[in-house]
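Okay, so here's the structure we're looking at.
The values are calculated or read from the model by the stated rules, or taken from the named source; none is laboratory data. All of these numbers come straight from a predicted model, not from anything done at the bench. Note: ideal-geometry Cβ built from the backbone for every residue, glycine included; neighbour counts use all protein chains shown.
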Amino acid sequence: MGLTSARTAIGATAAAFCLCGWACAAKKEIVDRDRPLVETLVPEGHRLESLTGDLADGVRSLRDGELDEAKAALERWLDKHPNSALAAYHLGLWALAVDKRTIAQNWFERAVEFDPKLHAAHCHLGALYLGQGEDVAALRALEKAYALAPDDVRVLANLGAARSRRGLWSEALEAYQAANKIAPSHGSLLYDTALVWMQRYQWQQALDLLEQALSVRPYFGQAWAAKVACLHGLGDLAGAEAAARAAMDALGQPEAEVHLAYARVLVQLRKIGDAIDQLRTAAQLRPEHAGVQLALGELLDAAGRKQEALAVYQTYLKNPQRLGEDGRRIRDRAKQLQSGKAD
């Protein structure tokens, strides 16, 4: 396996991180400065002042962080009004607050059963389904939310993620761009939109958005990594290397994706030893990262460091997150290395 092949392999691996980064983005909370965008304590049309009795008390307690009081009040209301969509919805929010996502999902499902027009419950369901990898269910729930509230930025942001997960790039871009018009300075939205442009190899459009995202969130590690990849995609290797170094200066201890993107650039610059060092650092930061393992193994292999490559390949093949299309090829290569018949 020659250096050219290794360069191609690491390029494809780094691109896979960048171009499939929406998957990670979809699983993470959609946040800007640590505030969940999806958060909706009271759905539109149901302001706190319009609520009464235990329902009002429960919602108020939930807003104030008094979770035990909120749960008790909402359950009292639901005992008296067993088909109350708002009580079920807010109990779902309570379950999220105490990190009981399965219970939250059950409550949100009950809420939309009681009131199919409660768009905020559909939105939360979609976000929960996304987190569980249930992409079809997520898209279905978020399309329902969108039909009910086409101008809700929370719905649009999650709908963009769901459409991306299904490979609906044009539709995802449409949702993200609509969300950006409503929240133009939301770092994560800018980043997620950039990832869709990267999927379409529109590097400059993506780079412009990433610059905006970093102006809002200067310590946004994944955005730094994507910026390096965009500059690389534009053929600006010097700029990509400078961006990687700037990320390391800004972040102190960058995320693994920054090292992965930088390694790709270093391979292109024929700095193979430095690229291997970057990948080893990435592997230390994210030992389970299949893309890092694959890139490191193939680069070591190309550099003639066969035993080191074999050890990395063996780790990769045990990784349940490994890239399926590469599994057989790497397994065959590992067998060659073990037999001593490798070139």
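Here are some notes:
- Residue in segment 269-276 that is buried (at least 24 other Cβ atoms within 10 Å of the Cβ) and assigned to a helix (DSSP H, G or I) present: yes
- Scope segment 203-213; condition of a type in the set (A, V, I, L, M) and either modelled with pLDDT of 95 or more or not in a helix (DSSP H, G or I) (or both); matching residues: ALA206, LEU207, LEU209, LEU210
- Which listed residue is in contact with an Asp or Glu (Cβ under 9 Å, 6 or more places away or on another chain) and either in the same structural domain as LYS100 (by TED's automatic domain parsing) or among the small types (Gly, Ala, Ser) (or both), from ALA175, ALA147, ALA138, ALA183: ALA183
- Residues in segment 312-338 that are in a helix (DSSP H, G or I), within 19 Å of HIS259 (Cβ to Cβ) and not hydroxyl-bearing (Ser, Thr, Tyr): VAL312 alone.
- Among the residues making up segment 278-310, those that are within 25 Å of PRO254 (Cα to Cα) and surrounded by fewer than 15 Cβ atoms within 10 Å (Cβ to Cβ) are GLN284, PRO287, GLU288.
- Every residue from segment 60-100 that is surrounded by fewer than 14 Cβ atoms within 10 Å (Cβ to Cβ), under 24 Å from LEU142 (Cα atoms) and not hydrophobic (A, V, I, L, M, F, W, C): ASN83, ASP99
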